[in-house]
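The values are calculated or read from the model by the stated rules, or taken from the named source; none is laboratory data. Keep in mind that what you see is a predicted model, and the values were worked out from it rather than measured. Here Cβ is always computed from backbone atoms with ideal geometry, including for glycine, and neighbour counts include all displayed protein chains.
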Amino acid sequence: MTQSNFCSRPFNEINFDTDGTISPCCVINGRKYDTVEEYLSSDYLQKIRSDLLNNVKTPACRACWEYESIGAWSNRINEPYTDDNFILNCHIKFSNKCNFKCRMCSAKLSSAIGVEEKLKNPITSAFLNKHTKKYFYTKLLPNLKLINISGGEPLLSDDHLEFLKIAYLINPNVHLSYNSNMSTTSYRGVDFRSLWKHYKLVSIIASIDGHGKAQEYQRFGSSWEKIESNMLELREHIKDIHCCVSIYNIYHLPDLINWCMKYNFDIKFYAVGQKWLQIDTLPHSLKQSILAKFKPLSPDKEDLAKQIVSLLKSLQNNPGNLKTYNLQFKNSTEYKDKIRNQSFVEINPQFKDWYERI
């Protein structure tokens, strides 16, 4: 398949989201179904597949088109597939249970934010539908090659702990790939390594957005000291670091990059979803100061150098409506600073004049 708009995920992958919805992948908004079979035969899924086979930018995949339009990474892949609903890869967000309140997140993926927003039931689960859970363990799991596990923070999920104790008895050859905030290495007295040893491969993509105070600001609730300790303790499982780039952390990323080079961790950069948080909405003068901050860096790997060039290239974008985006940024930032006792200008004093003029 060579069409430029194609993606194989809707053909051989399934995503179970924190709210019980099902979709082809983790960036497509899912829908609720009584059974997994109903989803697999749905007009919704067939329309997505048909569009992709005909090189049409299907609306369901708009997140990827938007990221690609600004030169950012997208979730699209092109792998061998079949058209018989034979699922090889699965993404499970067991629960939205999370101990962080990340600035770019929401209550859907963080129960801590749900508590902050005083939701009646802040914790949700992918497997509240018992049929979905049964179908996963009996029909999908035996044949899966890869399971992506995220949340919430998956390492704090009871359903995840139950899964770890059972899944290797059904399919010990499955590859477990985590997205984790690296805040813990155990849960309910169980060290995860005591269970991971039963699986053929376990890898972790660490969600880290900064070094020191910059990390603790954007990912509220985190402790840099604890994260650094856990990263070094679990380094044999660490695949790379995924860093969500925003106005909050862009100026401090050289510190994180230098830390990654020191400890030989690979890092990849991703744009946040909210336009008003994206770095191209900054004024020209601050973009120049950011470029100057990055200039002394000496990337030790070709891929890292390319990542940095691509990241900084996005500063050239001119999205328009800057006044509107900047006002959204300030309103959200002031509100969260107040309720969390934080300060944007203390973390980013170089942005103070711009911020106060908004």
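Numbers at a glance
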read-out	value
Matching residues, the range 192-227, being under 27 Å from Val115 (Cα atoms) and among the charged types (D, E, K, R)	Asp209, Lys213, Glu216, Arg219, Glu225, Lys226
Criterion (farther than 26 Å from Ser229 by Cα and in contact (Cβ under 8 Å) with a residue 12 or more places away in the chain) met by exactly one of Leu169, Leu141	Leu141
Members of the range 289-308 that are over 27 Å from Asp353 (Cα atoms), of a type in the set (S, T, N, Q) and in a helix (DSSP H, G or I)	Gln307
Subset of the range 144-159 [more than 12 Å from Ile92 (Cα to Cα) and either touching a Leu at 6+ places or on another chain (Cβ under 7 Å) or modelled with pLDDT under 95 (or both)]	Leu144, Lys145
Condition broken by Lys287, with the remaining ones in (1) touching a Pro at 6+ places or on another chain (Cβ under 6 Å); (2) surrounded by 15 or more Cβ atoms within 10 Å (Cβ to Cβ) satisfied	(1)
Test: residue in the range 268-288 that is in contact (Cβ under 8 Å) with a residue 40 or more places away in the chain, of a type in the set (Val, Ile, Thr) and assigned to a strand (DSSP E or B)	no
Test: residue in the range 184-192 that is within 18 Å of the chain's Cα centre (by Cα) and either modelled with pLDDT under 95 or crowded, with 22+ Cβ neighbours inside 10 Å (or both)	no
Tally of residues being crowded, with 17+ Cβ neighbours inside 10 Å, in a helix (DSSP H, G or I) and either free of Cβ contacts under 8 Å to residues at least 60 places away in the same chain or basic (Lys, Arg) (or both) across the range 106-137	4
Hey, Glu79 in contact with a Lys or Arg (Cβ under 9 Å, 6 or more places away or on another chain), surrounded by fewer than 19 Cβ atoms within 10 Å (Cβ to Cβ), closer than 29 Å to Gln316 by Cα and among the acidic types (Asp, Glu) or not	no
Filtered residue count, the range 51-67, keeping only those that are exposed (fewer than 14 other Cβ atoms within 10 Å of the Cβ) and over 16 Å from Cys25 (Cα atoms)	2
Filtered residues of the range 211-263 (kept if of a type in the set (Phe, Trp, Tyr), touching a residue at least 24 places away in the same chain (Cβ under 8 Å) and assigned to a helix (DSSP H, G or I))	Tyr217, Tyr251, Trp259, Tyr263
Residue among Leu169, Leu176, Leu140, Leu164 that alone is part of a helix (DSSP H, G or I) and touching a Phe, Trp or Tyr at 6+ places or on another chain (Cβ under 8 Å)	Leu164
Matching option when the condition is charged (D, E, K, R), exposed (fewer than 13 other Cβ atoms within 10 Å of the Cβ), without any contact (Cβ under 8 Å) to a residue 60 or more places away in the chain and assigned to a helix (DSSP H, G or I), among Asp337, Asp353	Asp353
